Amino acid sequence: GVSFSSAKLSRATNSVLVTFLNLAQSKSITYTLSYTANGISQGVVGTLIPSGQTGDTRDLYFGTCSKGVCTPHYTIRNAALTVETTLTNGATNVKRYRIKV
């Protein structure tokens, strides 16, 4: 099948870099990164609506940011990323990643 995303752990930035591909065939993309940090459930959720570009990326940070100050999360476990792509033909493609931190 055609790939609509790829994901890579970046230890340097304490994040998951998600690349979205074949956006010309995509109507919308929803992504969810879930994990446990210090025993507390955490997550990042977002939506990408393509606007003519063929690809895009998101840097999903393991931590919280407020007013320009970011605080990393520690003791990360059970990290998983789900990318759901709704195609222009109405079909849906779901890809799940297990992130080993």
Exercise for review: Give the residues of the range 13-48 that are more than 14 Å from the chain's Cα centre (by Cα), open to solvent by 50 Å² or more (accessible area, probe 1.4 Å) and not hydroxyl-bearing (Ser, Thr, Tyr), sorted by residue number.
Suggested key: Asn22, Ala24, Gln25, Lys27, Asn38, Gly39, Ile40
Point to revise | Enumeration of residues in the range 60-71 that are closer than 18 Å to Ser6 by Cα and either part of a strand (DSSP E or B) or open to solvent by 60 Å² or more (accessible area, probe 1.4 Å) (or both) | key: Leu60, Tyr61
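Which of the following residues is surrounded by 16 or more Cβ atoms within 10 Å (Cβ to Cβ), in contact with a strand residue (DSSP E or B) (Cβ under 7 Å, 6 or more places away or on another chain) and aromatic (Phe, Trp, Tyr): Tyr97, Tyr74? Write out each step before concluding.
Working: Tyr74 fails: surrounded by 16 or more Cβ atoms within 10 Å (Cβ to Cβ).
On inspection, the qualifying residue turns out to be Tyr97.
Kindly indicate whether Thr57 is open to solvent by less than 80 Å² (accessible area, probe 1.4 Å) and either in contact (Cβ under 8 Å) with a residue 24 or more places away in the chain or under 18 Å from Ser3 (Cα atoms) (or both). So that I can check it myself, show each step before the final result.
On the way: open to solvent by less than 80 Å² (accessible area, probe 1.4 Å): no; either in contact (Cβ under 8 Å) with a residue 24 or more places away in the chain or under 18 Å from Ser3 (Cα atoms) (or both): yes.
No: the conditions fail for Thr57.
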Study note, to complete from the structure: Per the filter on the range 27-54, residues of a type outside the set (S, T, N, Q), in contact (Cβ under 8 Å) with a residue 12 or more places away in the chain and not in a strand (DSSP E or B) are Gly39, Ile49, Pro50
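The values are calculated or read from the model by the stated rules, or taken from the named source; none is laboratory data. What you are looking at is a predicted structure, and each value in this text was computed from that prediction instead of being measured. Every residue, glycine among them, receives a Cβ derived from its backbone with ideal geometry; neighbour counts consider all protein chains shown. Ligands, DNA and RNA are stripped out before the accessible areas are found, and what is left, the full protein with its side chains, is counted by its heavy atoms. Shrake-Rupley method; radii C 1.70, N 1.55, O 1.52, S 1.80 Å.
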